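The block underneath contains the structure these notes are about, expressed in structure tokens.
Nothing in this text is a laboratory measurement; each read-out follows from the coordinates by a stated rule. This is a predicted model, so every value here is computed, not measured. All Cβ positions, glycine included, derive from the backbone under ideal geometry; neighbour counts span all protein chains shown.
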Amino acid sequence: DDLVVHLEQGVARFAGLMRIPTTTNGEQEVLALEFADEAKLYVPLEQAYLVSRYVGVGKRSPQLSSLADSKWARAKKNAASSIFDYAGKMLAVQAERETVPGHAFGPDTKWQREFEHSFPFRETPDQMKAIIDAKIDMEQPRPMDRLICGDVGFGKTEVAIRAAFKAVMDGRQVAVLAPTTVLAQQHFEVFRQRMLDYPVRIEMLSRFRSQGEQRKILELLRQGGVDIVIGTHRLISGDVVFKDLGLVVIDEEQRFGVLHKEKFKELFKLVDVLTLSATPIPRTLYLSLVGVKDMSTIETPPLNRLPVETIVCGYDERIIRDAINRELERQGQVYFLHNRVQTIDRVREKIVDLVPQARVEIGHGQMDSDELEEVMARFVAGKIDVLVCTTIIESGLDIPNANTIVIDRADRFGLADLYQLRGRVGRAEHKAYAYLLLPREMMTIGAARKRINAIKQYSSLGAGFRIAMRDLEIRGAGSILGTAQSGHIIAIGFDLYCQLLKQAVAQLKGRKFQPRLEVDLRIDFVATNEAEFAQLGPERRIPAFVPANYVSDTGLRIKAYREIAETSTRDQFDRVQREWRDRFGKFPEAVDNLFLLAEIKLAAAKAGISRVEVRERKLMLTRRGELILVDGKFPRLVAKPTHLGEVLELTKKFT
């Protein structure tokens, strides 16, 4: 049930590839699309570039567009203008930051180099790039505002730690904000551990500290006696005053409330801000936001991570017992995931029966939040062996000692959720295990099993990340862009959304964005698909298409047509040509001609010509609705046999 977006017609259901008879007894390969009211549209392969997969946000799927009304055009227009305003706002914020003089930090000190050298692991390339980017930002006078995305355990914290150390070396204070006390506590321990050998004073403000302690820390912050303070939104209350704040690190920003976020913006306008997020963001969105937001993504897992071994099986108490025992024998901890609060107590009792020596506790979202934090804190501290919980395993928490996760009723979770949950284990050097339990009778039924098998194949780190991440990312995209924008993503699909966003940014930045002038080619001696050429033969037509014996895979063929259709500059054109030669080998005549057609389109677009037609050797060029005449006549093609080179030369004369 694949939904697709046709650029001009809207959202449709993809009914597959078909061969349909042509008017002249041949056959032609087409993509069959179904619109509202069972209307069908057949798109020839050479126009397949107009069609892309529909990806929305979350579960809602849009209605199929109707071929009979202008709703789709309106939706496209509304989205475009809303995106334009949104990009405008973002650029305004950015421009304001450009004009605001912030603090330019000095270059790295000797201590900084020594401190970075003491990092016990080898940095991954993307991690290193993120660190360098952040430090370059800090050395600029304008305030930094950089977002760092990467999976939990991929080393985002180290980027923040080095930036914080740099700020302290320059005599400024640092605030680190986390959405929950447990997370703040964890950062506190990691920061302290890393900076043990240096005279850096680190404190923590949170519910875990008494009133007296909190007052003392606030006093020290005012006087400059504390270098780095770590805490929850308690840090943005009115009584917190810094002597000289230079850097703010915000972890998991999307989990703070809207009001808090607004407050961050006001309070930290003039200081450097580094935001960390474990919600992955889609590559395409990342690229369209490049001019607007400074971002670094960390996609490489640390060097010594072992893939998680995934076991999919029917519900069986012996398996549960053995899994927990094996983990306890190596002094580890276990997550047991059960997603129904009503029956979670029964599950806890059952586990206590099965493994009497284990310390088993419950954590779920309907508990009082303070109570839940106490439980998580105990689990982090290793005082609980088995945590029976609903899906709220604190995102962002790093518990290297928990290396077995048992997921009951795995069929009730989406792919992306399972992938994220499975990512909770396997942080340390130990082999980690994920057990996905299904009701016994389901071990044979289709869809749920397919999903689960996909997960098994994903067990290599980072690889399946790509696929399962699609739906998760796009949810993430929604959280980065906000709700109004998510609505437009649902209406027009993600790919078109990103395309429009990219255009809006380019336009607002004053780069003349050249929307590709759609050039309509109608040349009577060219066959643009195999069927037509086979039918009419080389005496009456010259071929211009991607032959099936040159690129045999249909998917690749569609991709090839899309690549050539999307070239709008000479550079892109040359690059596509080079890549095809490398990939598919020497060009047959049909492909040479296809590139010539693309070149004619480029030349025509450059000259503002919207239509190139050749009829019986007459060349009819339309510019701004007028036909171009030379001495009152249409230019004629003289070469025999007729070839496209001449059409190209003549078209170029009008640029």
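Things worth noting here:
- Over segment 87-298, equivalent-ellipsoid semi-axes from the Cα gyration tensor in Å: 25, 21, 18
- Each residue, LYS129 and ALA565, gets one label point 7 Å from its Cα in the Cβ direction; the gap between the two is 3.0 nm.
- For segment 545-573, backbone nitrogen atoms closer than 20 Å to the point 7 Å from LYS652 Cα along Cα-to-C-beta are found at 567-573.
- Gain upon complete extension [ILE311, ARG575; 0.36 nm per residue less C-alpha separation]: 90.6 nm
- For the peptides 8-14, 67-73, the ranking by mean Cβ contacts within 10 Å, running from highest to lowest, is 8-14, 67-73.
- When the alpha carbon coordinates of the chain are projected onto the principal axes, the ranges are 94, 66, 45 Å, largest first.
- Placing pseudo-labels 7 Å out from each Cα toward the beta carbon at ARG623 and ARG113 gives an inter-label distance of 6.2 nm.
- Selection from ASN403, VAL360, LEU41 lying farthest towards where the dipole of the chain points positive, charges on Cβ: LEU41
- Set of aspartates and glutamates with alpha-carbon distance to LYS156 below 15 Å, sequence-local pairs under 8 removed: GLU116, GLU123, ASP126, ASP133, ASP251, GLU252, GLU253, GLU299, ASP398
- In the chain, the DSSP-assigned H stretches of four residues or longer account for a calculated mean residue ellipticity at 222 nm of -13500 deg cm²/dmol, using -39500 (n - 2.57) per stretch and the full residue count as denominator.
- Shown here for segment 349-394: trypsin sites (Lys or Arg not before Pro) in loop regions (DSSP other than H, G, I, E, B) with at most 12 other Cβ atoms within 10 Å, namely LYS383.
- Applying 1/(1 + (r/R0)^6) with R0 = 60 Å to the Cβ-Cβ distance of VAL638 and GLN63 gives a FRET efficiency near 0.65.
- Cα centroid separation - segment 3-37 against segment 548-612, whole Å: 22 Å
- Charge sum, other residues only, whose C-beta stays under 10 Å from ARG541's C-beta, Lys/Arg counted +1 and Asp/Glu -1: -2
- Calculated on the Cα set of segment 520-652, radius of gyration then Dmax: 15.3, 49 Å.
- Nearest-ten-degree value, helix 463-481 long axis tilted from longest Cα axis of the chain: 80 degrees
- Inter-probe distance in nm under a simple model that places probes 7 Å from Cα toward Cβ, at GLU213 and LEU259: 2.7 nm
- Our estimate of slack between ALA73 and ARG583, defined as 0.36 nm per intervening residue step minus the Cα-Cα distance, is 179.8 nm.
- Dipole magnitude (debye, nearest 20) for segment 87-298, charges at Cβ of Lys, Arg, Asp, Glu: 340 debye
- Set of lysines with alpha-carbon distance to LYS40 below 20 Å, sequence-local pairs under 8 removed: LYS71
- For segment 520-652, a crude dipole built from +1 on the beta carbon of Lys and Arg and -1 on the beta carbon of Asp and Glu, taken about the Cα centre, is about 280 debye to the nearest 20.
- The calculated FRET efficiency for the pair ASP37 and TYR198, based on their C-beta separation and a Förster distance of 60 Å, comes to about 0.30.
- Efficiency of FRET from Cβ geometry, ASP2 and LYS509, R₀ 25 Å, rounded to 0.05: 0.10
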